[in-house]
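Throughout, read-outs are computed from the coordinates displayed, never taken from laboratory work. Keep in mind the model is a prediction, meaning the values are calculated, not measured. Cβ placement follows ideal geometry from the backbone for every residue including glycine, while neighbour counts extend to all protein chains displayed.
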Ligand SMILES: Nc1ncnc2c1ncn2[C@@H]1O[C@H](COP(=O)(O)OP(=O)(O)OP(=O)(O)O)[C@@H](O)[C@H]1O
Ligand code: SF4
Ligand SMILES: [Mg+2]
């Protein structure tokens with residue numbers, strides 16, 4: 001019996017088109033269009049001609065469009081259901097309420113926007129890769145201070161596409177969200193590994209649902225016990241900044257369900273304090289660049 | 001249309017009696033923990049029941065960790081990949097996951113759709129499960145490439161398939177669970193029922209029940225959609241810890257002891273407050289499958 005070969009031995013994932021077959025050698029490879037795998041691939045001729053080498057022709061357009069957006073931030077999570085979209089929404093609200101960026105107000109023409117639509121736009125990962133480049137290059141984003149990109153959990157096709165485009169137009173980095181238990185942390189390791197692999201800076205790690213305060217007795221308990229040291233320990237281990245821990249407040253979920261700002265609604269919640277602290281840290285990081 | 005298509009997948013799975021696909025719309029609602037509990041409980045349903053658990057969450061595999069099998073290598077035999085047994089020499093709980101194929105625990109799988117499709121086909125056709133009473137399949141959140149591949153390759157054994165939908169009670173999760181339900185309808189996948197997970201949390205200090213993720217939404221959805229409601233499971237912190245840090249089995253040193261004794265994970269699971277509740281869910285599932293439990 002022999003142990004199996006390493007499953008992740010693959011060409012640069014960013015050079016494999018979404019429609020390529022399983023064993024695509026990558027469009028940057030010398031074998032592009034000529035490998036066995038290329039037979040029957042829709043891109044065979046163009047790859048063999050060498051025209052697919054080098055950057056995607058859509059890139060300059062994306063770059064141009066994105067040049068009027070000051071900060072581009074990707075919000076990632078390894079595991080599902082850790083509170084990524086909720087966090088993105090609250091971060092959006094906080095940026096929109098920021099006094100300093102009120103001058104550069106652009107009126108947005110896309111959905112999913114903040115009701116007051118001033119200078120932050122949230123964007124949920126669309127399904128199709130083509131849609132991603134189209135979105136980035138064809139939508140007139142105007143002068144934005146922040147573009148927050150909410151992504152699906154894990155490391156999927158959508159991530160590869162968005163990273164390809166945003167990396168070229170100068171992305172600030174990614175904020176990674178997790179919950180404290182090990183099964184969530186193991187997915188965070190994979191997510192940070194992904195960022196390193198594709199060259200995206202990790203702005204920091206947020207631990208969500210850390211501790212629960214009983215509304216009755218005010219006693220604090222851990223729902224998702226950090227059995228291996230939680231987000232703080234993992235951040236240290238992987239050399240990324242730990243941005244903070246947000247306790248579980250059942251009202252947070254409700255705010256997100258009804259599209260209101262938790263931070264305004266419940267200023268005295270410990271979760272609000274934690275959120276504001278984290279947002280300050282993210283802003284400080286953005287200013288350093 | 002032929003009633004039986006001969007494919008590598010159908011050949012491999014012909015000695016599997018039931019295939020149960022665990023899915024959810026939203027992530028993090030407890031698919032993997034339900035899959036794990038289902039596999040453990042089914043295995044315990046009789047002294048001879050054989051169960052397999054296949055993890056097709058390629059980018060976020062959780063099953064190896066939950067079964068305490070993190071870092072186990074997978075071996076190749078002349079008859080395909082040998083699954084990893086979580087109960088040692090008794091070999092009644094077999095497991096396969098992409099997690100076993102990654103060298104380091106932080107390695108990520110970043111694959112485009114076609115490559116994922118190939119991996120899933122391989123999992124379905126190349127794993128040497130042997131005879132199984134149940135094969136439980138844990139899936140990634142949503143209805144993604146992985147689900148489409150799964151349904152495509154399992155088409156020849158469609159008569160063995162059924163699904164369990166897991167949701168949490170809050171509105172956003174229910175909305176996503178509806179998408180999952182449409183998927184099962186579109187692919188004519190029979191649904192055994194719906195489980196509402198993380199329904200209420202008992203404060204360890206004062207005993208007060210808080211509905212951290214709201215409550216009752218799953219049951220209501222089941223009624224509305226004419227689905228069988230399998231039951232609700234409260235938030236159980238003991239379970240999180242158990243599934244987080246499950247110790248490896250003592251399988252590497254085969255002993256003459258009955259391994260039922262050495263299968264510590266199952267024993268510890270049976271002591272959690274969730275186990276009896278889940279037991280009722282499993283009874284419902286067995287009844288739906290026409291397999292009345294013997295106990
Ligand atoms: N009833 C419960 N009480 C407390 N914690 C639970 C319960 N069910 C699941 N959990 C915990 O919640 C976390 C998420 O569960 P799990 O990993 O099973 O979700 P999932 O749906 O498979 O997530 P993903 O979408 O990322 O695959 C795990 O740490 C798990 O142990
Ligand atoms: S032709 Fe070959 S190199 Fe080009 S995309 Fe297809 S498989 Fe990849
Ligand atoms: Mg899972």
Task: Simple label model, 7 Å out from Cα along Cβ direction - residue B:105 to residue B:175, nm - done: 3.5
Task: Hypothetical label at residue B:225: residues of segment B:9-52 whose amide nitrogen lies under 11 Å (7 Å Cα-Cβ projection) - done: B:23-26
- [ ] Quick one: among B:214, B:97, B:149, which has the greatest mean-square fluctuation in a GNM of chain B with alpha-carbon springs under 10 angstrom?
- [x] B:214
- [ ] Work out the mean other chain Cβ neighbour count within 10 Å for the residues of B:274-286 and drop it here as an integer.
- [x] 0
Task: Column: log10 I(q)/I(0), Debye, Cα scatterers of segment B:111-167, q = 0.18, 0.21, 0.24, 0.25 Å⁻¹ - done: -0.69, -0.94, -1.18, -1.26
Task: For A:82-90, mean number of other protein chain Cβ atoms within 10 Å - done: 1
Task: Contour excess over end-to-end distance, with Cα ends at residue A:23 and residue A:216 and 0.36 nm allotted per residue - done: 63.7 nm
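Averaging over every viewing direction, what projected area does the convex hull of the Cα atoms of chain B cover, in nm²? Walk me through the numbers before you get to the answer.
Values: hull surface 64.7 nm².
Result: 16.2 nm².
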TODO: Using Cα centres only, tell me the gap between segment B:6-24 and segment A:146-198 in whole Å.
DONE: 33
TODO: Run the quick spin-label model on residue A:143 and residue B:48: label points 7 Å from Cα toward the beta carbon, then report their separation in nm to one decimal.
DONE: 7.9
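Residues of A:173-183, mean number of Cβ from any other protein chain within 10 Å of their own Cβ, rounded to a whole number? Don't skip to the end; give the middle numbers.
Working: counts 0, 0, 0, 0, 0, 0, 2, 2, 7, 10, 13.
For peptide A:173-183, the averaged partner shielding equals 3.
Starting from 0.36 nm per residue, how many nanometres of slack lie between residue A:266 and residue A:283 once their C-alpha separation is accounted for?
Details: separation 17, 0.36 × 17 = 6.12 nm, distance 2.20 nm.
Length gained, residue A:266 through residue A:283: 3.9 nm.
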- [ ] Show that you can apply the helix-only estimate: for chain B, add -39,500 (n - 2.57) for every DSSP H stretch of four or more residues, divide by all residues, and state [θ] at 222 nm to the nearest 500.
- [x] -10500 deg cm²/dmol
TODO: Would you look at the GNM of chain B, springs on alpha carbons closer than 10 Å, and say which of B:207, B:142, B:60 moves the most?
DONE: B:207
Task: GNM top mover of B:273, B:78, B:89 - chain B, alpha-carbon springs below 10 Å - done: B:78
